Each structure stands twice: as C-alpha cells, then as structure tokens.
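Undergrad: Input: one structure, supplied below.
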Amino acid sequence: MEGRWEDSEHTVEGRAVHRRVDKIDHALPDPAPETAPDPPAESGGDEPPAISRSVSLGSDRLGITAKLDLVATTGTEALPVETKRGRVPDNPERSWEPERVQLMAQGLLLREHGYACDHGVLYFAGSRTRVDIPFTPELEETTIGYIAQARADLDRPDLPPPLVDSPKCPGCSLSGICLPDETHALRQVPPDPTAPEIRRLYPARDDALPLYLQEQGAIVGKTSNSLVVRKAGETLLQAGLKDISQLVLCGNVSVTPQAVHLLCEAAIPIVHLSMGHWFYGVTQGIGLRNAFARAAQFQAAESPLIRRSAAIAFVLAKALNQRTFLRRNARDLPTGVLADMARLIAQVGEVATPESLLGLEGSVARLYFGHFHLLLKPRDFDATWDFAQRNRRPPRDPVNAMLSFAYAMLAKECTVAVLAEGLDPWLGLYHQPRHGRPALALDLMEEFRTIVADSAVVTAINTGMVTAADFVRTKASCALKPNGRKALIQAYESRLDHLATHPLFDYRCSYRAIIRVQAALLARWLRRDIPTYQGITIR
C-alpha cells in the first residue's frame, strides 16, 4: 500500500537465488501457431521450448503487473516457472497458498497475452525440486478475488488491521514497519491483562549506522554499491551501502550527482549540518507513496483538541524525563527541587491554553537547567565548565555548545523518522510552524532531549571524551573544534545504540529504534489507528 520495504536475511538470500534469473530482461515472444509440417524422424523429435528470463508483463483489465522469473514457450503454450529460496513445504499441496496465487496470477497475464497456460512450476532452490501447480478454476477464482481485494486496499485511507499474535509475523521482513503486536496492544483500552506478550519483531540494534563526514573539501562519490570519500585525489574512506543508514555532511562536504542518485534509490537520506550546530535539511528519494498520513496530520493541526492532546504528551514526557535524570544523577541536589518539579508536572494535564503549557514547560526547564551543573563531574579540571543557564544562538560556554550540537543531531534523527512515516516535518502540533523550523520533528524530539542528547553530553564531559582543548572561545560565543565534534558524535551515537527496556512494550531495543517506533505510533495516532499517543519516559 505504501511502497515501503525492509530487507531481512531471507529477502537478501532470495535475491541471491534470483541473481541469474534477473541478470538479463527478456521480452516475451509473440505466440506462434504451429503451422510447419512435422519434422522428419531423423531430426530427433520436437523443437525445444524458447526460454525467456525476467519477463515483465502487465494487464489493465486485471489491474496487475509482474516480473516472471522464467517462461518457457512452445507455439501458443506457455509455462511460467517461479523460483523460491526455501525447501518444498511438507503439506499435501507441496506449496503455500501465496506461492500458488502468485503463479496463477502469472498464468492469467500469459493468457492475456495470447498464450494457453494451464499450469506452472515452482522451483524450490533449497531442495532443488520442481513442483507442478495446476491452474484449476478454484485457484483462478481465489487469485482474482485477492487481486480485487488488494486493489480495494490501495484506495483505503486507513491501514489494514494488524494480525493478532500471528506466527507469520516473526518471519516477515516488514514487521518493524507494520508493528502488529504494538498496534494491537495500544488499541486495547483499557489494556487486556490476558493479551499475549508483545514481541519485538525487529532487530534490537541496526547493522547500518549513520556515516558522519566533516573533512572540509571532501567529495563523496560512488563505485558499484559503495560510497567513496576523496579529497585532493586521495581516497579517505570507502563504505558499502548496506552499512549506512544516513549520510551526514558537516560543513563543506559535497556529493556527486551519481552518489545522490544511488542514495535516493537505496532510500538512504543525506543530512546537511553546518560546522556549528545548524541543521539545514535532508535530501532523500521518494519513499512512502501515499498522502493519507499527511492529510491526517494537516487535519489534526486544524483541531485545537488534538493539538492540545499531543502537546501535553510531548511536554509531560520531557518534564518527567528531566526530573528522573536529575533524581538519578545529580549530586548534592537541594531539598525541594524534585518536589517543585513534581508539583509543576502534575499541572501539565490540566492546562487549558498553549501559553499555559509553555509556561509550565519553561518553569520545569528552569529548575532542570538551574541544577544541570550538578550532573557534571569533569575529568578536565582546568576546563571552565561553569553552567548557569541554557543559552544559544550562539552558545556562550562549552556545555551549551555541546547541548546545541547534540540537539541539532537529534533534530535530524527525528526529521528522518517522521519523513519515513510520510509526515510533514514542518507542520507541528505543539511547536508552531515557522519558516525553516521542522516543527513536528521538534515535537517528537521533546521526549528524547534528556534521555539521548543531554545524556550524551554528560557522558562526554564526565568521561573526558571532550576537554577544554576541544573548544574555540571568544567573548561572544563558544564552538566545538573538529576533534570535539567527533568525540561528541561518538558519545551521541553510542547513546542511540544503547539498549533500553521500552516502557510501553517491555522489550529491549536501542534508542534509535525507539525513536522510529514513536514516529510510527505518532502517525498511527494521527490516522486514528490507535486511540492515544504516549511519550517515552524513563523509569
């Protein structure tokens, strides 16, 4: 429905099995009625069939297209052969229904193009076995029914209901996009205590990670399925696409058109950051192919009630995380700070206007940042780590410089996440739209500021990853040097890769995965697929 895709070991293996089939695209020959006389006996018998590989066919009447692995044609008869990576199933039909339906659909397309086609063949590479599939009237009726159902689903603005505790889901490469268990659980209001355990059906961590480039004057090119970074004729780095989730450019780093084409085709976003802390934007291909998520977002943005509900969820999660972070990590915290924060947080759900919510958020933030210095235990005792309050544009001390850069990286992470769900990052529900500000990404970012960005900054300071020598300071501002940015990026990426227990679903996954899941749940809530949206809070 949405054109989204995610690989698994099975889909990668399947492509490898199809490599020979897909190497060359053939055109299907026209049916050729046999009018020639029978061959002489000494010629050896019938002519061998013509073999066509990777054949593309379509039918307006049926409303489907297909790429057939292999078609054997003799005169007016055609035999489709479909290759499968696994072994022959141990069932009476020696095949699964989706495989039979797929083959029957190919048979229908061959009939549309003038061929007689009464059966097909499934070739199972795992057991090197051919299974003949007869095209019965019952299979044809079933296939035509599924085609009609699929085309009707394409016109639906809402998502199909998720499968419930299905054994099919763990083997599906799209489970991390579909989120069937999570969606079903959030639909149960109040929660069902007898419901099955929520399964994490996506990897806890990603193999592919962002590639950060801050070598000024470098050029990113491509070779085959890899990116190559060069400067002054020297190759600095080569990385395969399978290992890259984002290409993050910091400052004066350029990308060739060929590399942009490759990244867009692979759905890998190019993120543009300044050498300081400005997040400029994202270059990406056409991923999600529907307008329904954005239509729901625009409709929600017109509703004061929905905007209030979203704003409360974002601010409440942010404030609770700030209080918990102080409670866990601040040394010598004055008596009454946590109680004052709790009192303010208790009022968040009762606010009537956006202005009141902004005031409460600001009051909690003042208490939080007013005691932020108690979180710091710098190993570089010669450094000036004095931190009295949050300041920016430009930051005027080392801690604020690090916070600004960490927030810029988190903003790009949230922007990429909401774009992947088909949402408009510029139209927010809590943050008001403003030219150049990804308001919805900033909305989503609120619940992750403390647990990702602030935590990375504190870690970088307290472990000595960043020292006084990593800053350029003037009377007006303070900025990180390249080595300081590199160290902070390492701390930030390490935090994103950290495994945590998901507070809603009680399974362990990385914070990077949690950001993506929250973006998906936000989109589901906007499309009214789930009744509420709840921000992430640490315990």
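Undergrad: Going through 120, 107, 145 one at a time, which residue ends up being out of contact with any His (no Cβ under 7 Å at 6 or more places or on another chain), buried (at least 19 other Cβ atoms within 10 Å of the Cβ) and either among the charged types (D, E, K, R) or assigned to a helix (DSSP H, G or I) (or both)?
TA: It is 107.
Undergrad: Which count do you get for residues in the range 492-516 that are among the β-branched types (Val, Ile, Thr) and either surrounded by fewer than 21 Cβ atoms within 10 Å (Cβ to Cβ) or touching a strand residue (DSSP E or B) at 6+ places or on another chain (Cβ under 8 Å) (or both)?
TA: 2
Undergrad: Another question about this same structure. What's the number of the condition residue 50 fails, among (1) at pLDDT below 90; (2) of a type outside the set (S, T, N, Q); (3) in contact with a Phe, Trp or Tyr (Cβ under 7 Å, 6 or more places away or on another chain)?
TA: Unmet condition: (3).
Undergrad: Let me ask another. Within the set of pairs 6+ apart or on separate chains, which have a first residue in the range 354-372 that is farther than 25 Å from residue 303 by Cβ, a second that is loosely packed, with under 15 Cβ neighbours inside 10 Å and of a type in the set (Asp, Glu), and C-beta atoms under 7 Å apart?
TA: Note: pairs meeting the criteria are 367/340.
Undergrad: So which residues in the range 130-142 are loosely packed, with under 13 Cβ neighbours inside 10 Å and assigned to a strand (DSSP E or B), if there are any at all?
TA: The answer is 130, 132, 134.
Undergrad: From the list 212, 202, pick out the single residue that is among the aromatic types (Phe, Trp, Tyr) and either over 20 Å from the mean Cα position of the chain (by Cα) or not in a strand (DSSP E or B) (or both).
TA: Exactly one of 212, 202 is among the aromatic types (Phe, Trp, Tyr) and either over 20 Å from the mean Cα position of the chain (by Cα) or not in a strand (DSSP E or B) (or both), namely 202.
Undergrad: Could you pull out the residue among 443, 470 that is among the acidic types (Asp, Glu), touching a Pro at 6+ places or on another chain (Cβ under 9 Å) and crowded, with 18+ Cβ neighbours inside 10 Å?
TA: Going through 443, 470 in turn, just one is among the acidic types (Asp, Glu), touching a Pro at 6+ places or on another chain (Cβ under 9 Å) and crowded, with 18+ Cβ neighbours inside 10 Å: 470.
Undergrad: Which condition number in (1) surrounded by 12 or more Cβ atoms within 10 Å (Cβ to Cβ); (2) at pLDDT 95 or above is the one that residue 173 fails?
TA: Unmet condition: (2).
Undergrad: Scan the range 264-274 for residues that are at pLDDT below 90 and of a type outside the set (Asp, Glu) and jot them down.
TA: The answer is 264, 266, 267, 268, 269, 271, 272, 273, 274.
The values are calculated or read from the model by the stated rules, or taken from the named source; none is laboratory data. Predicted, not measured: the structure shown is a model, and the values here were computed from it. With ideal geometry, Cβ positions are generated from the backbone for all residues, glycine too; neighbour counts draw on all protein chains shown.
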